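The values are calculated or read from the model by the stated rules, or taken from the named source; none is laboratory data. In this text the structure is predicted, and so the values were computed from the model without any measurement. Virtual Cβ from ideal backbone geometry, glycine too; neighbours counted across all protein chains shown.
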Amino acid sequence: MEAILKKLNIQSQSPGLSTGQQSWEGRGPLLESYSPVDGQRIASVHEASREDYDRVIQKAQEAYQAWRQVPAPKRGEIVRQMGERFRAYKTELGTLVSYEMGKSLQEGLGEVQEIIDICDFAVGLSRQLYGLTMHSERPSHRMYEQWHPLGVVGIISAFNFPVAVWSWNAMLAWVCGDVCVWKPSEKTPLTALACQQVIREVLESNEVPEGVSCLITGGRSVGEWLANDVRVPLVSATGSTRMGKAVAEAVGRRLGRSLLELGGNNAIIVAPSADLEVAIPAIVFGAVGTAGQRCTSTRRLIVHASIYDEVKERLSKAYGQLRIGDPLDEHQHVGPLIDTTAVESYQATVAEIEQSGGYFVVAPRVLDGPGYESGCYVAPCIAEVAPTAAIVQHETFAPILYLIRYETLEEAIAIQNGVPQGLSSAIFTLNVRESELFLSQVGSDCGIANVNIGTSGAEIGGAFGGEKETGGGRESGSDAWKVYMRRQTNTINYGTALPLAQGIKFEV
Ligand code: UN1
């Protein structure tokens, strides 16, 4: 790990603030980053004070004045070069993601791959920031719309995807002509610093204005400063519903724009015709991958009564084969939770399942002994619980899967939709009527609805996000770029008269 930290230029005490080219130590409290893998301290950073924050925002505002005038395809070229740098540093950055956050090395590398993919996407997008043209109702008039950059974009990211979610926002925002101020999770500051280091050379060699890519480490107060700051027209926030509501309220009070990607409570429906050879691995990956700490993790399994016992048995068997341990060791399936607080919330949820009359098909357990010294490792578990139980309505960021039985597809869809969150959903069926109903307007109410693949592991090409308490935001692919820009409608009169719209006569 030493060599990797060195290559990524992370020192034992690292600066917590950066404007891209310049970095400095904040005057706020010290933030220590511990690895959930082995409990070791990796490095520390000094958080931002309010003065540090203001200095960064001011730099970002200055940078925006110049950056917005750089042609979009030129901005795309800079993002292309960033993608090349992430290709070159994929192993190191992926390893640090795995070590600081605790996800498996495969998934850490996959996360860096998401950065590379969104860079490629953004490069193409930089020549496709299309507006529409309209036919005017008036003679000798032309109407069209164009998209202009917004300004400073605040990005608040979560620990579970410490670098990919930043890149979905930043790469698009940059080609759109915005500048970014990133507040990473205080649980994973070092992966964020590493990203700044990886792109630094690109910023320097292209003489990108200092302040286009800013980083501010710190806790809740930094998030509040961003949410309340009129100098930040868009705040993109990923995290809990509680945090998202606070951000939306503060941004809404000043009529700013927010992009929210909050909690999920994702379900898979397993219909009688499901191909279980495909369904079982999808369920297991969805429920235990990233130790159940994805927004898209599978939390509820709604299984048809006719195959319920078979699915239960096959899942129990699959869970029995899971290897839990050091995520950097590729033989392990499941790594640790992010910290011991997360373990406490796993335990609290387990207690609530028991209180609400739930039964564990695969038992929960906090692991101890050699290899588990950090105290962050838990066993993935499966519980049979009534779908209406209060705990089932709630997103616990841990590998806990609820098993629910259904009789009719309408009932299964009602159960699947019967939670406050609306991020991801899936059905396993070979019956076209069932899959089409699930995807129809009376089917899944989620932002993501899949057939014969699980709830997690979305590609960057689609718009990512969800409804209800998930916050309604869409990031990444499709036309998600529009949220980073302002639309301007233009009407041009090239004639010699002044006809008014709606046929109104006004003569002077
Ligand atoms: C998240 O958990 O915040 O679909 C993002 C997935 C990943 C992204 C998850 N591509 O699981």
(message) Need pairs with beta-carbon distance below 8 Å; first residue closer than 18 Å to Met171 by Cα and within the stretch 94-116, second in a helix (DSSP H, G or I) and within 12 Å of the ligand (Cβ to nearest atom); sequence gap 6+ or separate chains.
(response) Glu111/Ala164; Val112/Ala164; Glu114/Ala164; Glu114/Ser167; Glu114/Trp168; Ile115/Ala164; Ile115/Ser167
(request) Please list, ordered by first then second residue, the pairs with beta carbon atoms under 8 Å, 6 or more apart or interchain, first in the stretch 271-284 and assigned to a helix (DSSP H, G or I), second surrounded by fewer than 14 Cβ atoms within 10 Å (Cβ to Cβ). (result) Leu276/Glu310
(request) Mind listing whichever residues of the stretch 305-325 are crowded, with 21+ Cβ neighbours inside 10 Å and not in a helix (DSSP H, G or I)? (result) Ile324
(message) Tell me the residue from Glu407, Glu459, Glu507, Glu475 that is away from the ligand (no atom under 16 Å from the Cβ) and modelled with pLDDT of 95 or more, please.
(response) Glu407
(request) Provide a single number: the residues in the stretch 462-472 that are crowded, with 20+ Cβ neighbours inside 10 Å and more than 11 Å from the ligand (Cβ to nearest atom). (result) 2
(message) Looking only at the stretch 364-389, count every residue that is part of a loop (DSSP other than H, G, I, E, B) and not small (Gly, Ala, Ser) and tell me the total.
(response) 12
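Can you go through Gly244, Gly223, Gly239, Gly211 and tell me which one is small (Gly, Ala, Ser), under 23 Å from Tyr53 (Cβ atoms) and over 18 Å from the mean Cα position of the chain (by Cα)?
Gly211
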(message) Let me spell it out: the conditions are (1) under 30 Å from Ser476 (Cβ atoms); (2) free of Cβ contacts under 8 Å to residues at least 24 places away in the same chain; (3) of a type in the set (Val, Ile, Thr), and Thr408 meets all of them except one. Which number is the exception?
(response) (1)
(request) Looking only at the stretch 390-426, count how many residues are surrounded by fewer than 18 Cβ atoms within 10 Å (Cβ to Cβ) and more than 19 Å from the chain's Cα centre (by Cα). (result) 9
(request) Would you point out which residue out of Arg231, Arg242 is assigned by the TED database to the domain that holds Ser44, outside any helix (DSSP H, G or I), among the basic types (Lys, Arg) and more than 15 Å from the ligand (Cβ to nearest atom)? (result) Arg231
(message) Among the residues of the stretch 207-223, are any outside the structural domain of Asn417 (by the TED database), touching a Pro at 6+ places or on another chain (Cβ under 9 Å) and surrounded by fewer than 19 Cβ atoms within 10 Å (Cβ to Cβ)?
(response) yes
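Condition check ((1) touching a strand residue (DSSP E or B) at 6+ places or on another chain (Cβ under 7 Å); (2) at pLDDT below 95; (3) among the aromatic types (Phe, Trp, Tyr); (4) surrounded by fewer than 21 Cβ atoms within 10 Å (Cβ to Cβ)) across all residues:
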| site | (1), (2), (3), (4) |
| --- | --- |
| Gln13 | yes, yes, no, yes |
| Glu25 | yes, yes, no, yes |
| Gly28 | yes, yes, no, no |
| His46 | yes, yes, no, no |
| Tyr53 | yes, no, yes, no |
| Val79 | no, no, no, no |
| Leu96 | no, no, no, no |
| Glu111 | no, no, no, no |
(request) Kindly indicate whether Gln488 is out of contact with any strand residue (DSSP E or B) (no Cβ under 7 Å at 6 or more places or on another chain), more than 16 Å from the ligand (Cβ to nearest atom) and modelled with pLDDT of 95 or more. (result) no
(message) Quick check on this structure: which one of Tyr308, Tyr372, Tyr319 is of a type outside the set (Asp, Glu) and closer than 23 Å to Val419 by Cβ?
(response) Tyr308
